[in-house]
1. Identify, by number, the condition in (1) assigned to a helix (DSSP H, G or I); (2) over 26 Å from Asn148 (Cα atoms) that Ala256 doesn't meet.
2. Of the numbered conditions (1) under 30 Å from Ser13 (Cβ atoms); (2) at pLDDT below 95; (3) of a type in the set (Val, Ile, Thr), Thr261 satisfies every one except a single condition; which is it?
3. Does the stretch 169-180 contain any residue that is farther than 15 Å from Ser226 by Cα, of a type outside the set (S, T, N, Q), out of contact with any strand residue (DSSP E or B) (no Cβ under 6 Å at 6 or more places or on another chain) and in a loop (DSSP other than H, G, I, E, B)?
4. List pairs: first in the stretch 260-278 and among the polar types (S, T, N, Q), second in a loop (DSSP other than H, G, I, E, B), Cβ under 8 Å, 6+ apart or cross-chain?
5. Taking into account only those residues within the stretch 248-304 that are touching a strand residue (DSSP E or B) at 6+ places or on another chain (Cβ under 6 Å) and hydroxyl-bearing (Ser, Thr, Tyr), which is farthest from Phe364 (Cα to Cα)?
6. Is it the case that Ile188 is under 16 Å from the mean Cα position of the chain (by Cα), outside any helix (DSSP H, G or I), closer than 26 Å to Gly305 by Cβ and not basic (Lys, Arg)?
7. Please determine whether any residue of the stretch 47-54 is touching a residue at least 24 places away in the same chain (Cβ under 8 Å) and loosely packed, with under 14 Cβ neighbours inside 10 Å.
8. If I filter the stretch 147-168 down to residues being touching a Leu at 6+ places or on another chain (Cβ under 9 Å) and in a loop (DSSP other than H, G, I, E, B), which single residue comes out as farthest from Ala325 (Cα to Cα)?
Amino acid sequence: MQSLIPVDLPQNSYEIAIASGALAQIGDRLKALNLGKKVMVVSNAVIFQHYGQIVLDSLAAAGFEACSHILPAGERHKTIHSIQKLYDTALENHLERSSTFIALGGGVIGDMTGFAAATWLRGVNVVQVPTSLLAMVDAAIGGKTGVNHPRGKNLIGAFYQPKLVLIDPQVLKTLPVREFRAGMAEVIKYGIVWDRELFEQLEAAPRLDHLHDLDAKLLHEILMRSCQAKAEVVGKDEKEAGLRAILNYGHTVGHAVESLTGYRLVNHGEAVGIGMVSAGQIAAAMQLWSAPEADRQNALIAKVGLPIHIPPMVSVEAIIEALQADKKVQAGKVRFILPQAIGQVIISDRVTADTLNTVLSEQFQPEPCT
């Protein structure tokens, strides 16, 4: 199965290519884009060990001169310091304005590589080759790049579109179960904000908590529909002037939980799952959607194997303080993405402190029975 999904933009349009075995074709695909001969593959050690040689061999066969840079794995390394090391490798290998950075990895690699490409020589080509489900359906698409500040996630960054997003579902076979589930959080997000049919397909699946529970057809459908949703939203609002903000569903409280746990205890997808529960309960409290719809969402999040409770070491007060540093704050007001129905959301800055306090207080991990 193969799919080509266009991301139509006023400038810098590109394609998302989904094809089994696509990794070994990357050299020919880049050659067809008429990119410069010098290429830098950016990855982490684990991913590069699995797939780096396949990519380098394909690039060499197509006539590219390729070097590589290995970044440390993990959200806590998504810093300006890591970017500096990447710049050093680009300089040592004489990468030019016509050169290309290839992001081979998950969302952290994609964000950092994209940001480095946007800022090296004021902008070089970047190609996204996501290797995690989360990156395939979300992080690699749409041109958001960046690194974290000690006080908040992705506060330093740029919008910078790739020349191509190349998705090879075969690489998911080496993805840890926890990371697969993290990616499914973003898939559920698309069902809530944009694609009711996708949500219902997920509900109908017998199990969703492990890759081997999905047949190839369902996996391709998940990838295709999620990428299509992201492409449609980005095509209507490239730089988050309005509509694109709906893709932050679950990320408001989610980013706060993620940063307050040091990017170690809770990963991004788990934090988004927790944040979607918060947003859904806020919407129910404000009577924007029904309690049964909120329950359907929460049941699907749990079905994937994601947490729905806030970790006990995080306080309501700390979350509320962290929200004030969020990128989505406007005129001092925190903007929440809130569902009105499955497949339909609104952007609201009308969440009261009382509602937020009540919902968050009720979402903490229950004390175990003694």
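1. (2)
2. For Thr261, the failing item is (1).
3. Within the stretch 169-180, the first condition is being farther than 15 Å from Ser226 by Cα, and the residues that meet it are 170-179.
Keeping just the survivors that are of a type outside the set (S, T, N, Q) gives 171-173, 175-179.
Filter once more, keeping what is out of contact with any strand residue (DSSP E or B) (no Cβ under 6 Å at 6 or more places or on another chain): 171-173, 175-179.
Next, from what is left, pick out any that are in a loop (DSSP other than H, G, I, E, B): 175-176.
Within the stretch 169-180, one or more residues are farther than 15 Å from Ser226 by Cα, of a type outside the set (S, T, N, Q), out of contact with any strand residue (DSSP E or B) (no Cβ under 6 Å at 6 or more places or on another chain) and in a loop (DSSP other than H, G, I, E, B).
4. Thr261/Pro311; Thr261/Met313; Thr261/Val314; Ser278/Gly250; Ser278/Gln363
5. If we take residues in the stretch 248-304 being touching a strand residue (DSSP E or B) at 6+ places or on another chain (Cβ under 6 Å) and hydroxyl-bearing (Ser, Thr, Tyr), then Tyr249 is farthest from Phe364 (Cα to Cα).
6. Working: under 16 Å from the mean Cα position of the chain (by Cα): yes; outside any helix (DSSP H, G or I): no; closer than 26 Å to Gly305 by Cβ: yes; not basic (Lys, Arg): yes.
In short, no.
7. Keep residues of the stretch 47-54 that are touching a residue at least 24 places away in the same chain (Cβ under 8 Å), which gives 47-48, 50-52, 54.
Retained after the next criterion (residues that are loosely packed, with under 14 Cβ neighbours inside 10 Å): none.
So far as the stretch 47-54 goes, no, none of its residues is touching a residue at least 24 places away in the same chain (Cβ under 8 Å) and loosely packed, with under 14 Cβ neighbours inside 10 Å.
8. Residues of the stretch 147-168 that are touching a Leu at 6+ places or on another chain (Cβ under 9 Å), as a first pass: 147-149, 161, 163-164, 166-168.
Applying the additional criterion that residues be in a loop (DSSP other than H, G, I, E, B) yields 161, 163, 168.
Working: Gln161: 26, Lys163: 32, Asp168: 36 Å.
The selected residue is Asp168.
The values are calculated or read from the model by the stated rules, or taken from the named source; none is laboratory data. Keep in mind that this is a model prediction, so the values were computed, not measured. Glycine also receives a Cβ, built like all others from the backbone with ideal geometry; neighbour counts cover every protein chain displayed.
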